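Below is one structure, written out as structure tokens, with a few remarks after it.
Please treat every number below as a calculation from the coordinates, not as lab data. No experiment lies behind these values; they were computed from the predicted model shown. All Cβ positions, even for glycine, are placed from backbone atoms using ideal geometry, and neighbour counts span all protein chains on display.
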Amino acid sequence: MFRIRRIQDALSVANQRAVAQAMEVIRTQLPSVTADELARLPDQLTHPFKYRYHSVLFVAEGALGRLRGFAVLLHLPDVKAAYLEYISAALGSTNRGIGGSLYESVQEEAVNLGAKGLFLECSVDDPELVDDPQQLKQNCQRMAFYERRGARPIINNDYCKPLHAGDCDLYHLMVAPLGSDEECLRAAFVRKLARAVMERKYASLYKPEQIEAIVASFRDDPVTIREPRYVRRPRRAAVRGGGGRPRIALLVNGSYDLHHVRDKGYVETPVRIPTILKAILPTTLFEQLPAQKVPRRLLTRVHRPEFVRYMRTLYRELPADKAIYPEVFPIRNSQKPPLRPELKLGYYCIDGFTPMSRNAYTAACEAVDCAVTGAMHILDAYHLAYALIRPPGHHAESRCFGGFCYFNSAAVAAEYLSDYGRVAVLDVDHHHGNGTQDIFYHRADVLTVSIHGDPRFVYPHFAGFRTEKGQDAGLGFNVNYPLPEHITAEQYFGALRKAIKRILAFRPDYLVLSLGLDTAKADPTGTWPLQTREFRKMGQAIGAMHLRTVVVQEGGYRTRTLGVNARHFFDGLWEGHHGRPADNGGGSRRA
């Protein structure tokens, strides 16, 4: 198994590792690439204006991040074209579907970028131009690969003629139209593309007069595409961009109903999950996917190891049908916590109403699995993912739980994504996400922003003040927008606009959204007036940031309106992100 990840810079440790592995594949699999061209790859990813094209690296990764193949796509926005610079499977990974999957990802990206055509080069497969039989065989195999995917050589031009006497490294310019509009086959368009490629990629090889001669050689209008040699029935490139791929990856933890506290007034109940599912599954927005089990060591990157060990110990020791609450809060002597589980529980809990049980631990672990799997999917093919989980997590701090939260699923997802770029966390729950703030308070690579009820009147009461701005390296990277107990929708959206402006100034690669629907009118834990139209507007505003986003469910307890509010939020999120309303005429897609 492998996943395909999209990389736009060589800044994070994970991206640098992937780029280095791609460069090694180029050395072994593409020996014709010069040392100068190879060295340019990291730089062109990070500094697109320097090269007058925008580069996107797609990597097919197996277990533990081992690269199985890669592709590099160049976007030339002034030409309105995309150019496939490299594509190759790693040594030992050929004939496993990797090349085809990479090509499909490149093609979809080209469509989403608005390119009129996908262009590339392929070594000539003409026997009169290739003396080496083995090389000719390899060239024919590559050409067959592209023909099967709708790309064919443009002929009757000088692009593949030798630049100097004796040159054997010759290439056809290939084109794969990306839609019904065949402007990419007009001579003027192809001449503009050929000029851009030679001037921006091969300026050191071609003299200006040589470029002019090659550009002028595209005289056919429209250009002539060679008849297929390796497939019986030529077909157009399969264009999927936009809505062709499942839209929002949906992860639901299967144990959401395992943890059920029946105490009177306990509003964090299992019915919340099916209520939301009933409302969103009839739409076409979601594809429900299985969650992958996350290594528990990822938990200890956001929670202290001794806290995680204690929670696991309770899970093993507590009877299946027993829930315990803190009896004391032994903060006076943090070096000598009590030994009895009920007494020690207060050492790791921030309130007296959140119970601990075996079932709570199981459900919380699966909630983390869902959130991190959602993060994995936005590194792959999906732009949006939704972890519909219970229990919530944003009140869980690095060393303690509370507020119905045991492990901080959103924070673990953000921590996972931080290996791949800059991450912003936006918390829109009615209650401040004290846990997320605590976990990232000293860090500058994860921006935490929260809109919530003023802690002077709403839980957790001790965190969420405007003056809490981060500490040490994290100073300025924690932003709180506490709002009064009673507000208007206009006041809420004023704060949301400020939050979005701060996030965009941070220029994150990914967004983790802690979605609390307890800002709804008449929610039993909230005091704010938001209704369905406001949730749709909220989704539109957040989606319009055009960030790859993992939505992690937090609060929301008025089951009468919970589902419809969730549906309107995601309708708005899709519309804001993609610039068009969702087509919800059919049924949902499930794996």
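General remarks:
- With a Förster radius of 35 Å applied to the beta-carbon distance between Glu128 and Glu183, the computed FRET efficiency rounds to 0.60.
- Spatially proximal lysines relative to Lys207 (Cα-Cα < 20 Å; intrachain offsets below 8 disregarded): Lys161, Lys192
- Between Ala20 and Asp220, the simple spin-label model (points 7 angstrom out along Cα→Cβ) gives 4.7 nm.
- Label-zone membership for the stretch 25-55, site Gln210, 7 angstrom Cα→C-beta point, backbone N under 19 Å: 32-38
- Given their separation in residues at 0.36 nm each and the Cα-Cα distance between them, Glu327 and Leu38 gain 97.7 nm when the chain is fully extended.
- Summed side-chain charge close to Tyr441 - residues other than Tyr441 whose Cβ falls under 11 Å, Lys, Arg +1, Asp, Glu -1: -2
- Correct choice for log10 I(q)/I(0) by the Debye sum over Cα atoms at q = 0.05, 0.12, 0.13 Å⁻¹ that was computed from the model, options [x] -0.66, -1.12, -1.16; [y] -0.23, -1.21, -1.35; [z] -0.26, -1.13, -1.26: [z]
- Amide N of the stretch 518-546 lying under 19 Å from the label point, which is placed 7 angstrom from the Cα of Arg560 along Cα→Cβ: 518-535
- Helix-only mean residue ellipticity at 222 nm for the chain, each DSSP H run of n ≥ 4 adding -39500 (n - 2.57), per residue, nearest 500: -11000 deg cm²/dmol
- Summary of the geometry: the stretch 356-376 and the stretch 496-543, compared by the centres of their Cα atoms, lie 23 Å apart.
- Simple point charges give the picture: +1 on the Cβ of Lys and Arg, -1 on the Cβ of Asp and Glu, and for the chain a dipole about the Cα centre of about 1040 debye.
- Theoretical gain in end-to-end length, Thr488 to Arg456 [0.36 nm per residue, Cα-Cα removed]: 9.6 nm
- Farthest positive-ward along the chain dipole, Cα basis, beta-carbon charges - from Val215, Tyr420, His452: His452
- Screening the chain for whole DSSP H helices with an alpha carbon extent of at least 27 angstrom along the helix axis and a mean Kyte-Doolittle hydropathy of at least -1.0 yields 358-379, 559-578.
- Simple label model, 7 Å out from Cα along Cβ direction - Ile155 to Val271, nm: 7.1
- The distance between label points at Phe353 and Glu227 comes to 7.9 nm (points 7 Å beyond Cα on the Cα→Cβ vector).
- Local electrostatic count at Leu11 - Lys and Arg +1, Asp and Glu -1, tallied over other residues with Cβ under 14 Å: -2
- Projecting the Cα atoms of Leu178, Gly62, Leu496 onto the charge dipole of the chain (Cβ charges, centred on the Cα centre) puts Leu496 farthest toward the positive pole.
- Length gained when the stretch Leu11-Thr46 is fully extended (0.36 nm per residue, less Cα-Cα span): 11.8 nm
- Amide H contacts under 5 Å for Gly556, placed H, 5+ residues apart: Leu517, Asp518
- Cβ-based net charge around Asp523, under 15 Å, with every Lys or Arg adding one and every Asp or Glu removing one: -2
- Each residue of the stretch 457-466 was assigned a 3J(HN,Hα) from its phi angle through the Karplus curve 6.51 cos²θ - 1.76 cosθ + 1.60 (θ = phi - 60°); the sequence is 10, 9, 3, x, 6, 9, 8, x, 7, 4 Hz, with glycine and proline shown as x.
- Each of the chymotrypsin sites (Phe, Trp or Tyr not before Pro) that DSSP puts in a loop and that has at most 14 other Cβ atoms within 10 Å breaks the chain; the longest unbroken stretch is 1-201.
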